[in-house]
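Only one structure is covered here, and it is reproduced in the block below.
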Amino acid sequence: MSDIIITCAVTGSIHTPSMSPHLPVTAEQITDHALGAAEAGASILHLHARDPETGKPSAEVDHFMAFLPRIHQGCDAVLNLSTGGSAIMTLDQRLAAPLKAAPEMASLNMGSMNFALYPAAEKISEWQYDWEKPFLENSDDLVFKNTPRDIARILTDLGQERGARFEFECYDLSHLYMLRHFADRGLVQPPYFIQFVFGVLGGMGADPENLTHMVRMADKLFGADYMFSVLAAGRHQMPLVTMAATMGGHVRVGLEDSLTIARGQLAETNAQQVAKIRRIVEELGRTVASPDRARDMLGLKGADRTAI
Ligand code: KMH
Ligand code: ZN
(Lines give C-alpha, C1' and ligand atoms only; values in the text may rest on other atoms or scores of the structure.)
(Ligands and ions follow the chains in the order given, each with its own letter.)
Protein backbone atom coordinates (compact mmCIF):
# COMPACT_ATOMS: atom_id res chain seq x y z
CA MET A 1 0.00 0.00 0.00
CA SER A 2 1.23 3.46 -0.82
CA ASP A 3 1.77 6.34 1.54
CA ILE A 4 -1.30 7.63 3.30
CA ILE A 5 -2.47 11.24 3.09
CA ILE A 6 -4.02 12.72 6.22
CA THR A 7 -6.32 15.66 5.53
CA CYS A 8 -7.47 17.80 8.43
CA ALA A 9 -10.70 19.83 8.03
CA VAL A 10 -10.16 22.48 10.65
CA THR A 11 -13.52 24.15 11.28
CA GLY A 12 -16.06 23.65 8.45
CA SER A 13 -19.55 25.12 8.45
CA ILE A 14 -21.61 22.41 10.10
CA HIS A 15 -20.86 22.81 13.77
CA THR A 16 -21.75 25.90 15.75
CA PRO A 17 -19.98 27.53 18.72
CA SER A 18 -22.57 26.28 21.25
CA MET A 19 -21.62 22.69 20.43
CA SER A 20 -18.01 23.04 21.56
CA PRO A 21 -15.92 25.81 23.12
CA HIS A 22 -12.97 24.41 21.15
CA LEU A 23 -14.37 25.04 17.65
CA PRO A 24 -11.91 27.49 16.03
CA VAL A 25 -13.61 30.63 14.71
CA THR A 26 -11.16 33.56 14.80
CA ALA A 27 -8.21 33.88 12.42
CA GLU A 28 -5.86 33.22 15.35
CA GLN A 29 -7.71 30.10 16.38
CA ILE A 30 -7.98 28.75 12.83
CA THR A 31 -4.27 29.45 12.28
CA ASP A 32 -3.21 27.79 15.55
CA HIS A 33 -5.37 24.74 14.96
CA ALA A 34 -4.19 24.41 11.35
CA LEU A 35 -0.51 24.70 12.23
CA GLY A 36 -0.94 22.21 15.06
CA ALA A 37 -2.63 19.76 12.70
CA ALA A 38 0.17 20.13 10.15
CA GLU A 39 2.76 19.57 12.87
CA ALA A 40 0.92 16.43 13.97
CA GLY A 41 1.02 14.97 10.44
CA ALA A 42 -1.73 16.43 8.28
CA SER A 43 -0.38 17.08 4.79
CA ILE A 44 -3.60 18.73 3.56
CA LEU A 45 -5.55 21.39 5.45
CA HIS A 46 -9.19 21.75 4.31
CA LEU A 47 -10.29 25.27 5.21
CA HIS A 48 -13.48 27.28 5.69
CA ALA A 49 -13.79 30.75 7.21
CA ARG A 50 -16.00 32.03 10.00
CA ASP A 51 -17.05 35.44 11.20
CA PRO A 52 -14.66 36.03 14.11
CA GLU A 53 -17.32 37.90 16.13
CA THR A 54 -20.08 35.31 15.97
CA GLY A 55 -18.53 32.09 14.65
CA LYS A 56 -21.03 32.02 11.77
CA PRO A 57 -19.79 30.40 8.53
CA SER A 58 -18.42 33.16 6.34
CA ALA A 59 -17.61 33.59 2.67
CA GLU A 60 -15.85 36.95 3.16
CA VAL A 61 -12.52 37.10 1.37
CA ASP A 62 -11.12 39.18 4.24
CA HIS A 63 -11.99 36.47 6.74
CA PHE A 64 -10.08 33.91 4.65
CA MET A 65 -7.17 36.24 4.04
CA ALA A 66 -6.82 36.85 7.78
CA PHE A 67 -5.52 33.31 8.22
CA LEU A 68 -4.42 31.92 4.83
CA PRO A 69 -1.07 33.78 4.58
CA ARG A 70 -0.25 32.94 8.20
CA ILE A 71 -0.87 29.24 7.67
CA HIS A 72 1.04 29.35 4.38
CA GLN A 73 4.03 30.94 6.11
CA GLY A 74 3.86 28.68 9.14
CA CYS A 75 3.90 25.25 7.51
CA ASP A 76 4.30 23.49 4.17
CA ALA A 77 0.94 21.68 4.19
CA VAL A 78 -1.27 21.83 1.10
CA LEU A 79 -3.99 24.46 1.56
CA ASN A 80 -7.33 23.16 0.29
CA LEU A 81 -10.13 25.72 0.19
CA SER A 82 -13.73 24.67 0.43
CA THR A 83 -15.95 25.60 -2.50
CA GLY A 84 -18.88 24.10 -0.62
CA GLY A 85 -18.77 26.88 1.95
CA SER A 86 -22.16 26.51 3.54
CA ALA A 87 -25.46 25.53 1.93
CA ILE A 88 -26.87 28.95 2.93
CA MET A 89 -24.39 30.70 0.59
CA THR A 90 -24.72 31.30 -3.15
CA LEU A 91 -22.14 29.82 -5.49
CA ASP A 92 -20.75 33.31 -6.16
CA GLN A 93 -20.18 33.75 -2.44
CA ARG A 94 -18.68 30.28 -2.09
CA LEU A 95 -16.21 30.96 -4.90
CA ALA A 96 -15.07 34.47 -3.95
CA ALA A 97 -12.13 33.44 -1.76
CA PRO A 98 -10.99 30.39 -3.77
CA LEU A 99 -10.93 32.45 -6.99
CA LYS A 100 -8.86 35.12 -5.26
CA ALA A 101 -6.46 32.72 -3.53
CA ALA A 102 -5.99 30.29 -6.45
CA PRO A 103 -5.07 27.49 -4.02
CA GLU A 104 -3.34 24.24 -4.88
CA MET A 105 -6.49 22.35 -3.96
CA ALA A 106 -10.20 22.97 -3.50
CA SER A 107 -13.17 20.84 -2.55
CA LEU A 108 -15.79 20.08 -5.19
CA ASN A 109 -19.17 18.68 -4.17
CA MET A 110 -20.43 16.31 -6.85
CA GLY A 111 -24.19 16.74 -6.57
CA SER A 112 -27.10 18.74 -5.21
CA MET A 113 -28.52 17.27 -2.04
CA ASN A 114 -30.20 17.79 1.29
CA PHE A 115 -27.70 18.65 4.00
CA ALA A 116 -29.81 18.30 7.11
CA LEU A 117 -28.29 19.63 10.31
CA TYR A 118 -31.54 20.16 12.25
CA PRO A 119 -31.33 17.04 14.48
CA ALA A 120 -28.28 18.63 16.13
CA ALA A 121 -30.41 21.56 17.36
CA GLU A 122 -32.32 19.30 19.74
CA LYS A 123 -29.18 18.49 21.71
CA ILE A 124 -28.38 22.10 22.56
CA SER A 125 -30.05 23.80 25.50
CA GLU A 126 -28.01 26.99 25.77
CA TRP A 127 -27.33 29.00 22.65
CA GLN A 128 -24.34 31.28 22.52
CA TYR A 129 -25.40 33.26 19.42
CA ASP A 130 -28.79 34.14 17.87
CA TRP A 131 -27.92 32.80 14.41
CA GLU A 132 -27.22 29.22 15.50
CA LYS A 133 -30.70 27.80 16.19
CA PRO A 134 -32.38 29.03 12.96
CA PHE A 135 -29.27 28.07 10.97
CA LEU A 136 -29.58 24.47 12.13
CA GLU A 137 -33.40 24.26 12.18
CA ASN A 138 -33.94 25.77 8.72
CA SER A 139 -31.72 23.12 7.15
CA ASP A 140 -34.90 21.00 6.93
CA ASP A 141 -35.86 23.05 3.87
CA LEU A 142 -32.56 23.87 2.22
CA VAL A 143 -30.91 22.40 -0.84
CA PHE A 144 -27.12 22.27 -1.03
CA LYS A 145 -26.97 23.23 -4.70
CA ASN A 146 -24.24 21.70 -6.85
CA THR A 147 -25.72 21.35 -10.32
CA PRO A 148 -23.70 20.18 -13.33
CA ARG A 149 -23.49 23.84 -14.37
CA ASP A 150 -22.08 24.78 -10.96
CA ILE A 151 -19.58 21.93 -11.11
CA ALA A 152 -18.50 22.85 -14.64
CA ARG A 153 -17.98 26.45 -13.57
CA ILE A 154 -15.76 25.45 -10.66
CA LEU A 155 -13.76 23.07 -12.84
CA THR A 156 -13.24 25.77 -15.45
CA ASP A 157 -12.64 28.87 -13.32
CA LEU A 158 -10.69 27.27 -10.51
CA GLY A 159 -9.26 24.17 -12.19
CA GLN A 160 -8.45 25.05 -15.77
CA GLU A 161 -7.85 28.77 -15.27
CA ARG A 162 -6.13 28.75 -11.89
CA GLY A 163 -4.51 25.32 -11.76
CA ALA A 164 -6.31 24.02 -8.66
CA ARG A 165 -6.89 20.29 -8.28
CA PHE A 166 -9.78 18.85 -6.38
CA GLU A 167 -11.01 16.90 -3.41
CA PHE A 168 -14.13 15.41 -5.04
CA GLU A 169 -16.74 15.17 -2.27
CA CYS A 170 -18.95 12.16 -2.98
CA TYR A 171 -21.80 11.64 -0.49
CA ASP A 172 -23.50 9.01 -2.56
CA LEU A 173 -22.99 6.51 -5.35
CA SER A 174 -24.64 8.91 -7.79
CA HIS A 175 -21.81 11.38 -7.25
CA LEU A 176 -19.29 8.89 -8.64
CA TYR A 177 -21.29 8.78 -11.86
CA MET A 178 -21.28 12.58 -12.02
CA LEU A 179 -17.49 12.55 -11.66
CA ARG A 180 -17.26 9.95 -14.43
CA HIS A 181 -19.42 12.23 -16.60
CA PHE A 182 -17.00 15.13 -16.14
CA ALA A 183 -14.05 12.82 -16.83
CA ASP A 184 -15.75 11.81 -20.09
CA ARG A 185 -16.23 15.49 -20.96
CA GLY A 186 -12.49 16.02 -20.43
CA LEU A 187 -13.02 18.57 -17.68
CA VAL A 188 -11.15 16.60 -14.99
CA GLN A 189 -7.83 14.81 -15.23
CA PRO A 190 -6.54 11.83 -13.26
CA PRO A 191 -5.48 10.97 -10.69
CA TYR A 192 -8.84 11.75 -9.09
CA PHE A 193 -8.78 12.29 -5.31
CA ILE A 194 -12.23 11.16 -4.23
CA GLN A 195 -13.46 11.88 -0.72
CA PHE A 196 -16.20 9.45 0.29
CA VAL A 197 -18.42 11.29 2.78
CA PHE A 198 -20.40 9.27 5.31
CA GLY A 199 -22.97 10.19 7.88
CA VAL A 200 -24.40 13.47 6.57
CA LEU A 201 -28.21 13.33 6.72
CA GLY A 202 -29.02 13.62 3.03
CA GLY A 203 -26.06 11.49 1.95
CA MET A 204 -25.12 7.86 2.56
CA GLY A 205 -25.02 6.46 6.08
CA ALA A 206 -21.83 5.43 7.88
CA ASP A 207 -22.14 1.72 7.16
CA PRO A 208 -19.02 -0.30 6.29
CA GLU A 209 -20.92 -1.95 3.46
CA ASN A 210 -21.43 1.44 1.84
CA LEU A 211 -17.66 1.95 1.90
CA THR A 212 -16.88 -1.41 0.31
CA HIS A 213 -19.52 -0.75 -2.34
CA MET A 214 -18.22 2.74 -3.11
CA VAL A 215 -14.71 1.31 -3.56
CA ARG A 216 -16.00 -1.48 -5.79
CA MET A 217 -17.90 0.95 -8.01
CA ALA A 218 -15.08 3.49 -8.10
CA ASP A 219 -12.75 0.66 -9.21
CA LYS A 220 -15.14 -0.05 -12.07
CA LEU A 221 -15.60 3.58 -13.05
CA PHE A 222 -12.05 4.86 -12.64
CA GLY A 223 -9.74 1.82 -12.56
CA ALA A 224 -6.24 2.84 -11.53
CA ASP A 225 -7.01 6.52 -12.12
CA TYR A 226 -8.25 7.36 -8.65
CA MET A 227 -7.45 7.34 -4.97
CA PHE A 228 -10.03 7.50 -2.26
CA SER A 229 -10.15 9.11 1.12
CA VAL A 230 -12.84 8.82 3.75
CA LEU A 231 -14.49 11.23 6.13
CA ALA A 232 -17.34 10.33 8.45
CA ALA A 233 -19.46 12.58 10.59
CA GLY A 234 -19.54 12.52 14.37
CA ARG A 235 -18.92 9.27 16.24
CA HIS A 236 -18.42 7.38 12.99
CA GLN A 237 -15.28 9.36 12.19
CA MET A 238 -12.49 7.19 13.57
CA PRO A 239 -14.03 3.75 12.81
CA LEU A 240 -14.75 4.55 9.16
CA VAL A 241 -11.47 6.34 8.45
CA THR A 242 -9.60 3.44 10.08
CA MET A 243 -11.42 1.08 7.75
CA ALA A 244 -10.32 3.28 4.82
CA ALA A 245 -6.73 3.02 5.99
CA THR A 246 -6.91 -0.78 6.11
CA MET A 247 -8.32 -0.79 2.57
CA GLY A 248 -5.47 1.29 1.16
CA GLY A 249 -7.36 4.59 1.20
CA HIS A 250 -6.55 7.98 2.63
CA VAL A 251 -8.13 9.64 5.65
CA ARG A 252 -9.69 12.93 6.66
CA VAL A 253 -10.23 14.04 10.25
CA GLY A 254 -10.81 17.41 11.90
CA LEU A 255 -13.39 19.36 13.87
CA GLU A 256 -15.41 20.03 10.69
CA ASP A 257 -16.35 16.36 10.71
CA SER A 258 -16.40 15.49 14.43
CA LEU A 259 -16.07 17.52 17.61
CA THR A 260 -14.91 14.59 19.74
CA ILE A 261 -11.68 12.72 20.37
CA ALA A 262 -13.38 9.77 22.11
CA ARG A 263 -16.91 8.84 23.02
CA GLY A 264 -18.45 11.77 24.91
CA GLN A 265 -15.14 13.66 25.06
CA LEU A 266 -14.69 16.89 23.13
CA ALA A 267 -11.47 17.33 21.18
CA GLU A 268 -9.63 20.43 22.30
CA THR A 269 -7.59 20.72 19.13
CA ASN A 270 -7.58 19.41 15.59
CA ALA A 271 -4.07 18.15 16.24
CA GLN A 272 -5.43 15.61 18.73
CA GLN A 273 -7.50 13.93 16.03
CA VAL A 274 -4.59 14.00 13.56
CA ALA A 275 -2.26 12.49 16.16
CA LYS A 276 -4.80 9.77 16.96
CA ILE A 277 -5.35 8.68 13.36
CA ARG A 278 -1.61 8.90 12.76
CA ARG A 279 -0.96 6.45 15.62
CA ILE A 280 -3.61 4.11 14.25
CA VAL A 281 -2.43 4.11 10.63
CA GLU A 282 1.21 3.73 11.60
CA GLU A 283 0.26 0.72 13.72
CA LEU A 284 -1.45 -0.64 10.61
CA GLY A 285 1.83 -0.36 8.72
CA ARG A 286 1.04 2.70 6.61
CA THR A 287 3.51 5.54 6.12
CA VAL A 288 2.18 9.07 6.54
CA ALA A 289 2.82 11.16 3.43
CA SER A 290 4.65 14.46 3.82
CA PRO A 291 3.08 17.48 2.13
CA ASP A 292 5.53 17.22 -0.77
CA ARG A 293 4.82 13.52 -1.15
CA ALA A 294 1.10 14.35 -1.21
CA ARG A 295 1.78 17.01 -3.88
CA ASP A 296 3.52 14.36 -6.02
CA MET A 297 0.73 11.84 -5.55
CA LEU A 298 -2.01 14.35 -6.39
CA GLY A 299 -0.20 16.25 -9.16
CA LEU A 300 -0.46 19.65 -7.46
CA LYS A 301 1.05 22.83 -8.86
CA GLY A 302 3.07 23.75 -5.73
CA ALA A 303 2.66 26.10 -2.79
CA ASP A 304 4.61 28.87 -4.51
CA ARG A 305 2.09 29.08 -7.34
CA THR A 306 -0.93 30.30 -5.40
CA ALA A 307 -2.07 33.86 -4.70
CA ILE A 308 -2.08 33.35 -0.93
N1 KMH B 1 -18.63 19.26 5.23
C2 KMH B 1 -18.30 17.99 4.72
C3 KMH B 1 -19.35 16.98 4.95
C4 KMH B 1 -16.93 21.22 1.39
O5 KMH B 1 -16.33 21.90 2.20
O6 KMH B 1 -16.93 21.48 0.18
C7 KMH B 1 -17.92 18.04 3.29
C8 KMH B 1 -17.14 19.24 2.88
C9 KMH B 1 -17.74 20.04 1.83
O10 KMH B 1 -16.08 19.46 3.38
ZN1 ZN C 1 -15.62 21.47 4.16
Checklist entry - Roughly how many Å² of TYR118 are accessible to a 1.4 Å probe, to the nearest 10? => result 90 Å²
Checklist outcome for this item: For segment 219-308, the charge dipole (Cβ of Lys, Arg +1; Cβ of Asp, Glu -1; about the Cα centre) points to a positive end, and the Cα of LEU298, THR260, ALA245 closest to that extreme belongs to THR260
Next on the checklist: If you average the alpha carbon positions of segment 278-297 and of segment 171-234, how far apart do those two centres end up, in angstrom?
Outcome noted: 21 Å
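Find the Cα radius of gyration of segment 1-53, compare it with 2.2 N^0.38 Å by division, and give the number to two decimals.
Details: Rg = 12.2 Å, N = 53, 2.2 N^0.38 = 9.9 Å.
Output field value: 1.23.
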Checklist outcome for this item: Inverse of <1/r> over all distinct C-alpha pairs of the chain, i.e. the Kirkwood Rh in Å, gives 19.0 Å
Next on the checklist: Once each part is reduced to its C-alpha centroid, what is the distance from segment 56-98 to segment 108-158 in angstrom?
Outcome noted: 16 Å
Item to check | Lysine pair count for the chain [Cα-Cα under 21 Å; pairs on different chains or 8 or more apart] | outcome: 5
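I'd like the antiparallel share, as a percent to the nearest 5, of DSSP beta bridges with both residues in the chain.
DSSP beta bridges in the chain are roughly 15 percent antiparallel.
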Item to check | Net charge of neighbours whose Cβ lies under 15 Å from the Cβ of ASP257, counting Lys and Arg as +1 and Asp and Glu as -1 | outcome: 0
Checklist entry - For the chain, what is the charge dipole size about the Cα centre, in debye to the nearest 20, if Lys and Arg each add +1 at the Cβ and Asp and Glu each add -1 at the Cβ? => result 660 debye
Checklist entry - Roughly how compact is segment 154-200, stated as its Cα Rg over 2.2 N^0.38 Å to two decimals? => result 1.16
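When Lys and Arg each count +1 and Asp and Glu each count -1, what net charge do the other residues less than 14 Å away from SER107, Cβ to Cβ, add up to? Present the calculation step by step, with values, prior to reporting the outcome.
On the way: positive: ARG94, ARG165, ARG252; negative: GLU104, ASP150, GLU167, GLU169, GLU256, ASP257.
Taking every other residue near SER107 into account, the sum is -3.
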Item to check | Descending semi-axes in whole angstrom, ellipsoid equivalent of segment 56-155, from the Cα gyration tensor | outcome: 26, 20, 11
Checklist outcome for this item: For segment 1-63, the percent of accessible surface on carbon and sulfur atoms (probe 1.4 angstrom, ligands and nucleic acids excluded) is 45 percent
Checklist entry - What nm value, rounded to one decimal, do you get for the distance between ARG305 and ARG185 when each label is placed 7 Å out toward the C-beta? => result 2.4 nm
Item to check | the chain - accessible surface per residue (Å², probe 1.4 Å) | outcome: 41 Å²
Item to check | Given charges at Cβ of Lys, Arg, Asp, Glu: segment 169-232 dipole, positive-most of ALA232, TYR177, GLY202 | outcome: TYR177
Checklist entry - Which net charge results when you count Lys and Arg as +1 and Asp and Glu as -1 among the other residues whose beta-carbon is under 13 Å from that of ASP157? => result +2
Next on the checklist: Order 53-59, 109-115 from most to least packed using the mean count of other Cβ atoms within 10 Å.
Outcome noted: 109-115, 53-59
Item to check | Amide hydrogen neighbours beyond the local backbone of TYR226, cut-off 5 Å, H modeled | outcome: TYR192
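The values are calculated or read from the model by the stated rules, or taken from the named source; none is laboratory data. None of the values given here were measured: they were computed from a predicted structure. Note that each Cβ is placed from the backbone with ideal geometry, even for glycine, and that neighbours are counted across all protein chains shown. These area figures cover heavy atoms from the full protein model, side chains too; ligands, DNA and RNA do not enter into them. Shrake-Rupley method; radii C 1.70, N 1.55, O 1.52, S 1.80 Å.
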